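Everything below concerns the one structure shown next.
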Amino acid sequence: MNSTQNKIDIYESVIKLFQTRAAIRVSKQNVFIGQMDHIIKILDGISEEGSAISIIGERGIGKTSLGWQILEVIRGNKELLNSNKITLPFNIKEYYCAWIECTKSMSNINDLLISLLSEPRIIDKETGLKEETLVTLFKQIIEESEAEKLLGDILGEEDLTLLRKYRLDSNYIDNELAVSELDLSVGEALKKQKAVIELFYEIVTKIAQKEDKELVIFIDEFDRLENKEGIGDLIKTINHAKFVIIGVAEDIKQIIDDHESIERKFIGNVTNLDRFKENDIVFFLSRISRLSQKIGLKISYSEEFIKKIVEYCDGFPYMVQLLCLRSFKEHWKNNFENIEKEAVLNEEDFKSALSIFVDEKTDTKKRNKNLSNSLNNVVKKAIVKYMAENRLGGWIKVKEIMDALTRKNKPRQFESNLKELDKDGIIRYSFNRVRFYDSVYRAICKNKIENNEFDFFE
């Protein structure tokens, strides 16, 4: 490297390879890895007549990122398929696509449709990326004057004006009460006109009739919708659109169960995302190494570093990205003068990154406090310690923990302690299985165990 400024320029380029704050969208497709079998399956499902698609799994597992990759492919961007040398064994058409993200201010299907029929909301402040609503798509396909006339005929000019400004206003309102009041005013106006469903069907039909393209509607964070009644009927009865439902769930019935025959729409097309396996993580690391080398600085890794990443990240893609990025930053800071063409991340870099992550991240501080409040007896500590030490991610059978603990001392009030840990948001307890609520809790506990600090939680 020729100069300090050149080094800094390379550093800035390298850190952009990581995606730690949001889903991976088209601008970061080069760091999207794994899930290729799922992508082929979902594309095949979309090509089936009358199908509906669901992408479910734990929070933070990569559902939204996968959804965005699918959207790009069916909209005509084949870069992901080409870069991963994927040849589809079937034809895939191009589709019109709409994307909506459910928010806390949406309470029912009516609110969801209002959002789909509104001006798009910004969903990524860093890039300015917006949702892709039906109104936006409608105006792209239909002449704007015709689009405005249809909207006006159905809604009336007064409510059309309200709807048009609804999402623009929502982008800049931080107060949840203000957002709720705005939602209510729009919702009441549209209910008064009995227009929501009619407008939705009318626009979807017009889009379908305009050109020989089908419409696919992606609904992200669907689990946030408090009252999901009606979505099954909507999916079942709409003829000119397909739906991709994305949400936190273990089974499609957990998020859609209001229509007796709706399951038939999803048969074979429910994708339940798994956590990264070790080979997925190693593949990600090698991808970063190749991409960084093209920039001018090859990132490589010691065996101990890879082992720590696998142990601590629990198979969650965002944790892999986050701890790799922080480790690189620590290595850069501590070795800036000596770095030339290669940076070899090691165990010490990881430990420094983990320490910062555990001690300084605001969200992690809250989790530390929650752990301290929740682990208020020896049984809870024993349960959580066993989970952190003995299993990489996923569900653990309660019997396994019980058997391990009874070899020492029979735990008192075992089940009630599990329920309390679940209530406190430390673990999930369901059907005689448990797992950590998220990978951050496991990372905190594992770090404290290795530093001989866990037994002092108080």
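The values are calculated or read from the model by the stated rules, or taken from the named source; none is laboratory data. On a predicted model such as this, the values are computed, not experimentally measured, just so you know. Quick reminder, even Gly has a Cβ in these numbers, built from the backbone with ideal geometry, and neighbours come from all protein chains shown.
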Task: Residues of the range 60-83 satisfying the condition of being surrounded by fewer than 14 Cβ atoms within 10 Å (Cβ to Cβ) and in contact (Cβ under 8 Å) with a residue 40 or more places away in the chain - done: Glu79, Ser83
Open item on the list: Among (1) buried (at least 18 other Cβ atoms within 10 Å of the Cβ); (2) out of contact with any Lys or Arg (no Cβ under 6 Å at 6 or more places or on another chain); (3) closer than 30 Å to Glu12 by Cβ, there is one condition Lys381 misses while meeting the rest; what is its number?
Closed with: (3)
Open item on the list: Out of the strands (runs of 3 or more DSSP E) lying entirely within the range 38-125, which hold 3 or more residues that are farther than 19 Å from Ala208 by Cα and either out of contact with any His (no Cβ under 7 Å at 6 or more places or on another chain) or among the hydrophobic types (A, V, I, L, M, F, W, C) (or both)?
Closed with: 53-57, 122-124
Task: Every residue from the range 280-337 that is closer than 21 Å to Phe357 by Cα, aromatic (Phe, Trp, Tyr) and part of a helix (DSSP H, G or I) - done: Phe284, Phe305, Tyr312, Tyr318, Phe328, Trp332
TODO: From Ile444, Ile426, Ile449, grab the single residue that is of a type in the set (A, V, I, L, M, F, W, C), outside the structural domain of Tyr318 (by TED's automatic domain parsing), touching a Ser or Thr at 6+ places or on another chain (Cβ under 8 Å) and more than 22 Å from Glu250 (Cβ to Cβ).
DONE: Ile444
Open item on the list: Among the residues of the range 338-367, what is the count of those that are within 22 Å of the chain's Cα centre (by Cα), surrounded by 14 or more Cβ atoms within 10 Å (Cβ to Cβ) and free of Cβ contacts under 8 Å to residues at least 40 places away in the same chain?
Closed with: 1
